[in-house]
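Peer 1: Quick one: the structure is below, and I'll ask about it shortly.
The values are calculated or read from the model by the stated rules, or taken from the named source; none is laboratory data. Just so we're clear, the structure is a prediction, and the values are computed from it rather than from any experiment. Positions of Cβ are generated from backbone atoms using ideal geometry, with glycine treated the same way; all protein chains shown enter the neighbour counts. SASA here: full protein model, heavy atoms, side chains in, ligands and nucleic acids out. Shrake-Rupley method; radii C 1.70, N 1.55, O 1.52, S 1.80 Å.
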Amino acid sequence: MSDENYVKIAVPNKGSLSEAAAQMLREAGYAQRTDSKELVLLDEANGVEFYYLRPRDIAVYVGEGTLDLGITGRDMLIDSGAAATEILPLGFGRSRFRFAAPRGAVPGVAGLEGKRIATSYPGLLRRYLDQHGLTAKLVHLDGAVESSIALGVADTIADVVQTGTTLRKAGLALFGDAILESEGILIRRSEGELDETALDHLTRRLSSVLVARSYVIMDYDCPSEILDQASALTPGFESPTVSPLAREGWVAVRSMVPSSEAQRLMDDLWDLGARAILVTEVAACRL
């Protein structure tokens, strides 16, 4: 495969999305860098070239067509205004974009009219305000926006919130609904050609990682007369795999179940009469 035929994918080089994105790609079978100073990595076996870039810049490179695909945050994609499109949520780096101000200082979102709002995401915030017919002065800061009110440059802030601890320490309280629910996402340019086969392979692999992280394989033995009840508890994706046992009147059952429900299902199956209940992690899958 010649260099120009490699699919070019942008990966965050630092920040909260970086290691999670790299780990997901490793689990999907792609090579990843071992040196944090490495800016480009060629994965010849999979026909992919990875570029390690600032998360905020990734949507711009993809939107311009310089790179084919990228992993970034939904908040950064929207803030950039780039001609790129989300194609797959990746389930990591979840956060909320919220308004905050000193308690009682701003009476709800309608009270933002005419206010000074400090943010690191002016594009995202402007889009929200326009959608709600609000006019405000945006104060663009690169970070630590929670200090802007105490320093007198803003009346309220709009920022990414994960736990809210930093805001509370600054004497601020959240108000209004979430402006945006963000997480790591896979993006592609909105226009232009792209190797659809390579894209299908990537999205299929990443989707399989998401499933593998969310499901486990459950095996158990049960009397034939309770098979219908047991199968109702563990229906799987298509249906459970059922095999006869040497012990007359008993069958072995295998099914995929949500990992978050595994312990409860084991209890329910045991109470029903199932025995030899085993749970195995899923390393990879295609569904």
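Peer 1: If contacts are Cα pairs under 8 angstrom and at least 6 residues apart, what is the relative contact order of the chain in percent?
Peer 2: 19 percent
Peer 1: Follow-up question, since we're still on this one. Within straight cross-link reach of LYS169, meaning Cα distance under 24 Å, which lysines are found once same-chain residues fewer than 8 apart are removed?
Peer 2: List returned: LYS115.
Peer 1: So between ALA252 and GLU196, what do we pick up on full extension, going 0.36 nm a residue minus the alpha carbon distance?
Peer 2: Values: separation 56, 0.36 × 56 = 20.16 nm, distance 4.08 nm.
Full extension of this stretch gives 16.1 nm more.
Peer 1: Please find the FRET efficiency linking ALA45 to LEU287, where r is the Cβ-Cβ separation and R0 is fixed at 30 Å, and quote it to the nearest 0.05.
Peer 2: Numbers: r = 24 Å, r/R0 = 0.79.
E between ALA45 and LEU287, to the nearest 0.05, is 0.80.
Peer 1: What number, in percent, do you get for the relative contact order of region 11-155 if the mean sequence gap of Cα pairs under 8 Å and at least 6 apart is divided by its residue count? Display every interim value, and only then the final one.
Peer 2: Numbers: 175 pairs, mean separation 26.3, N = 145.
Once divided by the residue count of region 11-155, the mean separation gives 18 percent.
Peer 1: Also: Among 183-192, 98-107, what's the highest-first ranking by average C-beta atoms within 10 angstrom per residue?
Peer 2: On the way: 183-192: 19.1, 98-107: 17.5.
Highest mean packing first, the order is 183-192, 98-107.
Peer 1: Take the alpha carbon atoms of region 16-89, find their center, do the same for region 174-250, and report the distance between the two centers in whole angstrom.
Peer 2: Comparing the Cα centres of region 16-89 and region 174-250, I get a distance of 24 Å.
Peer 1: Run lengths n ≥ 4 of DSSP H only: what is the helix-derived mean residue ellipticity at 222 nm for the chain, with -39500 (n - 2.57) per run over all residues, to the nearest 500? Before the final figure, lay out the partial values.
Peer 2: Values: 8 runs with 78 residues, N = 287.
One gets -8000 deg cm²/dmol as the mean residue ellipticity at 222 nm.
Peer 1: Same structure again: Leaving out ligands and nucleic acids, note down the accessible area per residue over region 205-266 with a 1.4 angstrom probe, in whole Å².
Peer 2: That works out to 54 Å² per residue.
Peer 1: How would you classify the chain from its alpha-carbon gyration tensor, with a ≥ b ≥ c the square roots of the eigenvalues: rounded for a/c under 1.5, else prolate if a/b is greater than b/c, otherwise oblate? Spell out each step's value before the answer.
Peer 2: Details: a/c = 2.90, a/b = 1.54, b/c = 1.89.
Note, shape of the chain comes out oblate.
Peer 1: Which residue fluctuates the most in the chain, going by a Gaussian network model with Cα springs under 10 Å, if the choices are ALA178, ALA276, ALA84?
Peer 2: So, out of ALA178, ALA276, ALA84, the one fluctuating most is ALA276.
Peer 1: Please give the length that would be gained between LYS37 and THR166 if that part of the chain were fully extended, namely 0.36 nm times their separation in residues minus their C-alpha to C-alpha distance (nm, one decimal). Each step should come with its number before you reach the end.
Peer 2: Numbers: separation 129, 0.36 × 129 = 46.44 nm, distance 3.03 nm.
Working it through step by step, the gained length comes to 43.4 nm.
Peer 1: Considering only DSSP beta bridges with both partners in the chain, what is the antiparallel share in %, to the nearest 5? Don't skip to the end; give the middle numbers.
Peer 2: Details: 44 of 59 bridges.
Counting only bridges with both partners in the chain, antiparallel ones make up about 75 percent.
Peer 1: Over region 1-96, what is the relative contact order in whole percent, taking alpha-carbon pairs under 8 Å and six or more residues apart? Write down the numbers at each step before the final one.
Peer 2: On the way: 136 pairs, mean separation 31.9, N = 96.
Dividing the mean separation by the residue count of region 1-96 yields 33 percent.
Peer 1: Between LEU134 and GLU238, how many nm apart are label points set 7 Å from Cα along the C-beta direction?
Peer 2: Roughly 5.1 nm, to one decimal.
Peer 1: List the lysines whose alpha-carbon lies under 23 Å from that of LYS37, not counting same-chain residues fewer than 8 positions away?
Peer 2: Hits, sequence-local ones excluded: LYS8, LYS14.
Peer 1: Using unit Cβ charges (K, R positive; D, E negative) and no other charged atoms, how large, in debye to the nearest 20, is the dipole of the chain about its Cα centre?
Peer 2: Details: 29 positive and 40 negative charges, 261 e Å.
Using Cβ point charges on Lys, Arg, Asp and Glu, the chain gives about 1260 debye.
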